[in-house]
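The values are calculated or read from the model by the stated rules, or taken from the named source; none is laboratory data. Nothing here was measured: the structure is a model prediction, and the numbers come from that model. Here the Cβ positions follow ideal geometry from the backbone for every residue, glycine too, while neighbour counts run over all protein chains shown. Protein only, heavy atoms only, side chains kept; ligands, DNA and RNA dropped before computing areas. Shrake-Rupley method; radii C 1.70, N 1.55, O 1.52, S 1.80 Å.
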Amino acid sequence: MVIFYPKPFIALSGIVRSSSKLHIETKITPGSGITLEPISQSADYPLGFGFGTALDFTKLLFAADYYTQQWSEYRLDGSKSLKQSNYSRVSAGVEYINSKDFLTSYYKRIAIRLGGSWAQLPFKDETGESVQEMLATFGVGFPFNRNLGRIDLALEAGKRYSVDSSIYSERIMRISASVTSAEKWFQRIF
């Protein structure tokens, strides 16, 4: 992953996940005492890549990204699945924070977010049609520990459906919560 800041308020990023091979071995130990031979398999995972940008203005943050992975290239023991399709996702959102100064009123530091995404999922329906997903999100972020931590709550709603037929369709409603607190990934010693 690479993040580049051409200007203080612009961030550009990119990610590449290389293709890989995974060797899988499953051992079954039944209670009857019968010895079963292990099942060995290999899986070839496809290359994936994406890029994104964020524009940080004083009270508003705009962000958008794109990611794709060629799941039609996935192989299990050298065999290709006809139910796999390529994955692509486009998403965008906006965040509003009245103030990032931890000395201001608590209510001014609460983040409000709106976003949306579209994705072609890496599988097909029963008739071999591609499956897509469209989602809209609304979330709030509650800061704590002088803005070093945040409790995020989000509501996501949308639809997952077959592209050319109405064989597969479902409505999605998700509620999520996360807590982030003063993580230190790198620390200077000198």
### Message
Can you report the number of residues in segment 55-84 which are surrounded by 13 or more Cβ atoms within 10 Å (Cβ to Cβ), among the hydroxyl-bearing types (Ser, Thr, Tyr) and either out of contact with any Gly (no Cβ under 9 Å at 6 or more places or on another chain) or within 24 Å of Ser40 (Cβ to Cβ) (or both)?
### Response
3
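Please return the ranges of strands (runs of 3 or more DSSP E) entirely within segment 1-80 where 3 or more residues are without any contact (Cβ under 8 Å) to a residue 40 or more places away in the chain and either farther than 19 Å from Ala92 by Cβ or more than 25 Å from the chain's Cα centre (by Cα) (or both). So that I can check it myself, show each step before the final result.
Details: elements: 2-7, 10-17, 20-26, 39-45, 48-56, 60-69.
Here the list reads 2-7, 20-26, 39-45.
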### Message
Pairs needed: first member in segment 96-111, aromatic (Phe, Trp, Tyr); second member anywhere, at pLDDT below 90 and open to solvent by 40 Å² or more (accessible area, probe 1.4 Å); C-beta distance under 8 Å; at least 6 residues apart or different chains.
### Response
Phe102/Arg146; Phe102/Asn147
### Query
Could you list, in sequence order, the residues of segment 118-130 that are without any contact (Cβ under 8 Å) to a residue 40 or more places away in the chain and open to solvent by less than 40 Å² (accessible area, probe 1.4 Å)?
Ala119, Leu121
### Task
Sort out which residues of segment 140-179 are outside any strand (DSSP E or B) and closer than 23 Å to Glu95 by Cα, and write them in order of number.
Asn145, Arg146, Asn147, Leu148
